[in-house]
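Read the figures in this text as sums done on the coordinates, not as results from a lab. Keep in mind that what you see is a predicted model, and the values were worked out from it rather than measured. Cβ placement follows ideal geometry from the backbone for every residue including glycine, while neighbour counts extend to all protein chains displayed.
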Amino acid sequence: MNWKAIARSAIGTSHENQGIVCQDYGDYRIFQDVIIVGAVADGAGSAKHSDVGAKLAVETVLKCFSDINESPQKEEELEPGYSKGLSKEEADKLFATIVKKAIAKLHEQAAKENYSVNDLACTLLVFLATPDWFAAMQIGDGFIVMRSQESEYQLLFQPDKGEFANETTFITSANAVKEMQVKVISEKQEFICASTDGLEKVAIRLSDWEPFSPFFKPLEEYLHEPVTGEEKDKYLMEFLNSERLNSRTDDDKTLLLCFFDRE
Amino acid sequence: MPVGLPEFVENPENRCPVILLLDTSGSMSGQPIQELNRGLAAFKEDVLKDSQASLSVEVAMITFGSIAKLIQDFVTIDQFTPPVLEVDGLTPMGAAIEYALDFLENRKQTYKDNGILYYRPWVFLITDGAPTDSWDSAAQRLREAEAQSRLSFFAVGVKDADMNILKQISPPERPPVMLNGLDFREMFVWLSASMKRVSSGKVGQAVALPAMGWGQISS
């Protein structure tokens with residue numbers, strides 16, 4: 001019984017053409033073999049150092065969870081919910097604490113480098129999954145799709161978009177914590193995919209926000225395969241950099257994929 | 001590895017709507033209307049050079065001469081046939097603005113009903129005169145819509161246009177522009193360049209518009 005996971009980002013063609021770096025970032029940690037924490041962030045196109053912001057936000061979140069995992073008080077912070085799952089209130093509180101730490105870290109970085117915190121603007125999606133339950137948060141756009149045992153792919157949150165196609169919330173926005181969406185699902189998850197909005201229009205049917213299963217199924221099968229190392233990396237990077245994908249989206253793309261192997 | 005590749009769902013393109021509100025009153029006759037017609041053709045030609053923009057930019061046209069009327073429902077640029085406009089009558093600008101505002105809200109509803117994402121719409125008004133109907137309530141609605149970020153309004157005055165009234169209609173942050181002579185072509189190429197930038201805009205990006213080489217901001 002263990003989690004298999006991979007996180008990769010690839011630059012969008014529009015960023016490449018403009019000489020901008022990839023502003024997406026995604027990573028994960030696995031604790032005690034059975035708890036996985038993942039985070040992805042999409043740096044705002046208009047923010048000068050949003051690539052730094054996205055990476056710092058993700059790393060801060062993951063560091064917070066490692067600290068909790070290692071702290072002697074972990075019994076109080078995480079463990080009560082470990083087997084039975086966090087309540088919605090507990091999850092709200094946990095994610096708010098962690099997001100505030102990430103925001104504080106961005107402010108610290110901005111002060112150190114002498115630029116505005118808005119130069120680090122990014123979205124943020126975080127999830128925490130055990131073999132028995134799943135909790136997640138989202139600020140801004142991007143998506144988390146998962147599949148519980150014996151069921152179909154499910155989009156966790158409708159992306160937080162403004163009325164127009166180019167509006168969203170960032171963790172540096174004044175209303176970020178208030179706009180944060182949180183959900184707890186007390187079902188056994190088999191597959192989790194967290195992604196930035198670069199893949200949204202190829203993976204989600206936007207008219208009813210239905211995940212497109214022919215997009216997710218091969219990714220789930222891929223994680224299932226007993227392949228590691230270079231070959232594992234190759235499949236995902238080739239896909240993310242493929243002409244076929246780039247002809248459909250010119251934005252940065254991130255896939256953070258997890259599969260729980262119950263065997 | 002015996003694993004297939006992800007397949008993609010077909011979603012409609014994001015739309016970037018623009019309504020052209022065109023003065024076709026009698027005073028536009030002769031060279032002004034001819035240049036305006038040429039400008040519209042140049043607009044199509046220029047947007048088409050950008051394959052993304054030609055699928056995203058949607059244009060509708062409302063003329064105001066003898067009456068305010070819709071002469072072109074929203075179409076993407078590849079489907080747009082530049083019209084040959086003819087002049088007639090007065091300048092019912094107030095009615096045309098009201099028409100545009102209602103029409104735009106309907107269009108947004110259509111987008112929403114079909115799961116189409118859209119950018120902030122532009123309403124682009126061109127006139128060489130002054131309204132001959134009541135325009136106060138239209139102007140108020142327009143400024144409210146602008147203040148609530150529901151649209152972006154641009155007014156362009158040609159020749160003897162009443163810039164003072166255009167200024168009262170326009171949002172304070174975007175005063176009307178006086179066209180250089182009859183250089184509609186340059187203006188429409190600018191509109192096209194602006195639409196290309198908007199329609200490729202990334203999330204949360206404030207789009208910087210190209211410099212207006214075709215007119216003077218009236219202050």
Discussion item. Positive end of the dipole of chain A, charges at C-beta (+1 Lys, Arg; -1 Asp, Glu), about the Cα centre: which of A:PHE95, A:ILE6, A:ILE204 has its Cα farthest in that direction?
Written reply: A:PHE95
Response to the item:
Rounded to a whole number, the mean other protein chain Cβ count within 10 angstrom for residues of A:42-55 is 2
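Could you pull out every whole DSSP H run in chain A that spans at least 27 Å of Cα extent along its own axis and averages 0.0 or higher on the Kyte-Doolittle scale?
Passing helices, by number: A:50-70.
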Item to complete: Name the most mobile residue of A:PHE216, A:PHE143, A:PHE164, meaning the one with the largest mean-square fluctuation, in a Gaussian network model of chain A with Cα contacts below 10 Å.
Response: A:PHE164
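I'd like to know how region A:2-261 sits against the 2.2 N^0.38 Å rule of thumb: what's its Cα Rg over that expected value?
So region A:2-261 has a normalised radius of gyration of 0.95.
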Worksheet item: Okay, helix-only estimate at 222 nm for chain A: each DSSP H run of n ≥ 4 adds -39500 (n - 2.57), divide by all residues, round to 500 deg cm²/dmol; what do you get?
Response: -11000 deg cm²/dmol
Worksheet item: So what are the three principal axis dimensions of the protein assembly as shown from its Cα atoms, in whole Å, longest to shortest?
Response: 81, 46, 37
Response to the item:
When the charge dipole of region B:1-139 is computed with +1 on Lys and Arg Cβ and -1 on Asp and Glu Cβ about the Cα centre, the Cα farthest towards its positive end, among B:TRP122, B:PRO82, B:ASN11, belongs to B:ASN11
Fill in: Structure-based [θ]222 nm, chain B - -39500 (n - 2.57) summed over DSSP H runs of at least 4, per residue, nearest 500
-11500 deg cm²/dmol
Response to the item:
Among B:LYS49/B:LYS69; A:LYS101/A:LYS201; A:LYS88/A:LYS188; A:LYS93/A:LYS253; A:LYS201/A:LYS253; A:LYS55/A:LYS105, the pairs whose Cα-Cα distance exceeds 22 Å are B:LYS49/B:LYS69; A:LYS101/A:LYS201; A:LYS93/A:LYS253
Discussion item. With +1 assigned to the C-beta of every Lys and Arg and -1 to the C-beta of every Asp and Glu, and no other charges, what is the dipole magnitude of the protein assembly as shown about the Cα centre in debye, to the nearest 20?
Written reply: 660 debye
Response to the item:
Note: B:71-84 gets an average of partner chain Cβ contacts (10 Å, Cβ to Cβ) equal to 0
Worksheet item: Excluding B:LEU209 itself, what net charge comes from residues whose Cβ is under 14 Å from its Cβ, given Lys and Arg +1 and Asp and Glu -1?
Response: +3
Worksheet item: So how much slack lies between B:GLU10 and B:LYS112, counting 0.36 nm per residue of separation and subtracting their Cα-Cα distance, in nm?
Response: 35.1 nm
Worksheet entry | Surrounding net charge for B:ASP162, when Lys and Arg each add one and Asp and Glu each subtract one, Cβ distance under 13 Å | -1
Worksheet entry | Prolate/oblate/rounded call for region A:155-194, Cα gyration tensor, a/c under 1.5 rounded | prolate
